[in-house]
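Structure, as C-alpha cells:
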Amino acid sequence: MRRTILHIDMNSYFASVEQMCNPFLRGKPIAVGGAPGTRTIVIAASREAKRYGVSLGMLHHEALACCPDLLFIEGDPAKYTDLTQTFIDICKRYTDRLEVYSVDELFLDLTSWIKSKEDALRIARYLKEDLRREVGDYLTCSVGIAPNRMLAKLGSDMQKPDGLVVIDDQAIPAILEWVEMVDMPGIGPRLKIRLGDLGIRTLKQLGGYPLASLQQLFGPVNGQRLSDIGRGIDHAPVPYVDDIAPTKSMGHTYTLSADTRSKDEIYGHLLRLAEKVGRRLRRDSYEGRRVWVYLRWDDFTGRHEAVTLPRYIDDGYEIYRCGRQIMDQWYLVKPVRLVGIGATMLKQSGKQLTVLPDEHKREGLVKAQDVINDRYGEQTIQRARTLNVRLRTKVGGFKTPHQFH
Ligand SMILES: [Mg+2]
C-alpha cells in the first residue's frame, strides 16, 4: 500500500529555544555547548551562527575563528526535553503512528488519516501552527512528506528553516539523481568515503550499482540496504504509539539456546509460539485484531512492531503469517537472542458460524488439533515447519509487549 510519511525536524533546535527564552539572544550568532571554561564543543548553532560557518562538533576556538562575535550559551537539557514532550503531544493529535527519532525529530505515518496530498499538506500546516502557538513563536520546523521515511527525511532537509516539501512519485527520480550522500541515516562518513572510492557520489549512482557487487563488498544484508537506499526504497514502518501500553495482550516469548542470525530458525520458533498463542486465545475464548512481534538482539536492545488486521483472528497459523509478514521486512542487524509474538486488541469471541467452506474446514482442523494436544500434551500434533526447531525446556510465559522495554 502507498504510505504517506511525514518527517518533522525542528530548526536549530537548542539554539532557537535559547533565543526564544532570552530575547537578547535573538538575531545574534550563538552556539550552545557545555559549561563555559570547559573543553566544550558546539552542540547547536543558531541560524545566524551557521551563516558564519559555525557547525556542529566544532571546538570552542574553531567556532570563534569562524565568528569572533559568537556567544557561547551553556545547554539546558531539561528545558529541551520538556519542550520536546509538548512537541510530541501535538503530533499525537494527528496520527496514532509516530516515532520520536531524536530530541528534535519525529516521524508520523498519516496513511490512514488522509485521502489526498492536499490533506497531508493541511496537516503539515496545522502542525506548524500548533507548534508556533504552543511550543513557541520563535521556533520553526521543516517538514518533509513522502511515501517512506527515508524520502520524508530528505524532504525536511531540503528547505530550512520553516520548510514544507512534498516528495511524490514523480519527484523521486530527480531527487535520487540530485542528492549526494549527505547525512543519510546509515551512511556514515567512513562508508561515504568507501562509496566515493567506488565512484558513487549520488543516491542514483548507489542505486544503479550492481546489487551483487554491493553485497560482495558490504555483506548480503548491508549491500541490499545500500541498494534500497540508492533507489529510494524504505519499508521501515512507523510504530503505533499505543504499542507501548496495550490494554490486553496474549503472547509468548522464547529465549533461544544460542543466538542466531538465521531467519529460518527464527520463523520456526515464531510459528511454534504463534500456535501456542492461538491455543491460548481459543481456550479463553478470545480473538485478536492486532498481531505484534518482537526480537531481542544479543545486546538486549530489541525491535517491536505490530499490525492491525481488518478482522479478528484466533488461529495460530494466521497469527504467524502476520508476524512473519512484519519480520520479512526486517534486517537482522545483530544476532537474535529472543523471539516473541502475540495478539492484542482482544475481544471475547461469540463465534458466528462461518459461511465460507474453506474457513469452516480449517476451523474444524484447528479444533481437532486442540483436542489432541489438550489430551496428549503440547505439540503432539504440530505443523511440519516447527519440527526441526531445537527446543529448550524453558519457554517464556505470557507477557505484554511493554514488559519487554
Ligand atoms: Mg533539527
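For segment 133-148, name all the residues that are out of contact with any strand residue (DSSP E or B) (no Cβ under 8 Å at 6 or more places or on another chain) and either within 16 Å of the ligand (Cβ to nearest atom) or modelled with pLDDT of 90 or more (or both).
135, 136, 138, listed by residue number.
Among the residues of segment 6-49, the one identified as surrounded by fewer than 21 Cβ atoms within 10 Å (Cβ to Cβ), within 12 Å of the ligand (Cβ to nearest atom) and in a helix (DSSP H, G or I) is 47. One residue stands out among those in segment 84-101 that are acidic (Asp, Glu) and in contact (Cβ under 8 Å) with a residue 60 or more places away in the chain: the one that is farthest from residue 235 (Cα to Cα), which is 96. Screening the candidates 84, 95 for the property of being under 30 Å from residue 168 (Cα atoms), buried (at least 19 other Cβ atoms within 10 Å of the Cβ) and within 15 Å of the ligand (Cβ to nearest atom) yields one hit, 84. Regarding residue 56, is this residue away from the ligand (no atom under 15 Å from the Cβ), touching a residue at least 12 places away in the same chain (Cβ under 8 Å) and closer than 26 Å to residue 106 by Cβ? So residue 56 fails the test.
For segment 139-175, the tally of residues that are acidic (Asp, Glu) and farther than 13 Å from residue 12 by Cα stands at 2.
Looking across segment 17-30, the residues that are on the phi < 0 side of the Ramachandran plot, of a type outside the set (Asp, Glu) and touching a helix residue (DSSP H, G or I) at 6+ places or on another chain (Cβ under 8 Å) come down to 17, 19, 21, 25, 26, 28, 29, 30.
Among the residues of segment 60-87, those identified as touching a strand residue (DSSP E or B) at 6+ places or on another chain (Cβ under 6 Å) and of a type outside the set (Gly, Ala, Ser) are 70, 71, 72, 73.
I'm trying to understand the selection: among the residues of segment 179-225, which are under 23 Å from residue 167 (Cβ atoms), assigned to a loop (DSSP other than H, G, I, E, B) and under 24 Å from the mean Cα position of the chain (by Cα)? Hits for segment 179-225 are 179, 181, 182, 183, 184, 185, 186, 187.
Checked against the criterion of being more than 23 Å from residue 334 (Cα to Cα), more than 24 Å from the chain's Cα centre (by Cα) and of a type in the set (Gly, Ala, Ser), the candidates 278, 232 yield just one match: 278. Residues being among the hydrophobic types (A, V, I, L, M, F, W, C), over 30 Å from residue 96 (Cα atoms) and modelled with pLDDT under 90 are represented in segment 221-233 by at least one member. Taking residues in segment 17-46 that are among the acidic types (Asp, Glu), and partners anywhere that are assigned to a strand (DSSP E or B), the pairs with Cβ atoms closer than 7 Å and at least 6 places apart or on different chains are 18/30; 18/32; 18/73. Determine, yes or no, whether residue 1 is away from the ligand (no atom under 16 Å from the Cβ) and within 28 Å of the chain's Cα centre (by Cα). It is true that residue 1 is away from the ligand (no atom under 16 Å from the Cβ) and within 28 Å of the chain's Cα centre (by Cα).
Counting only strands (runs of 3 or more DSSP E) that sit wholly inside segment 236-352, those with at least 2 residues that are touching a Pro at 6+ places or on another chain (Cβ under 7 Å) and within 27 Å of residue 146 (Cβ to Cβ) are 302-313. Does residue 72 satisfy being more than 16 Å from the ligand (Cβ to nearest atom), free of Cβ contacts under 8 Å to residues at least 12 places away in the same chain and over 30 Å from residue 240 (Cα atoms)? So residue 72 fails the test.
Would you mention how many residues in segment 183-202 are without any contact (Cβ under 8 Å) to a residue 40 or more places away in the chain and within 20 Å of residue 6 (Cβ to Cβ)?
Total satisfying the criteria: 2.
Restricting attention to segment 291-305, which residues are without any contact (Cβ under 8 Å) to a residue 60 or more places away in the chain and surrounded by fewer than 21 Cβ atoms within 10 Å (Cβ to Cβ)?
Of everything in segment 291-305, those that are without any contact (Cβ under 8 Å) to a residue 60 or more places away in the chain and surrounded by fewer than 21 Cβ atoms within 10 Å (Cβ to Cβ) turn out to be 297, 298, 299, 300, 301, 303.
Taking the criterion of being free of Cβ contacts under 8 Å to residues at least 24 places away in the same chain and either within 16 Å of the ligand (Cβ to nearest atom) or crowded, with 21+ Cβ neighbours inside 10 Å (or both), the only residue of segment 102-121 that qualifies is 102.
The values are calculated or read from the model by the stated rules, or taken from the named source; none is laboratory data. On a predicted model such as this, the values are computed, not experimentally measured, just so you know. Positions of Cβ are generated from backbone atoms using ideal geometry, with glycine treated the same way; all protein chains shown enter the neighbour counts.
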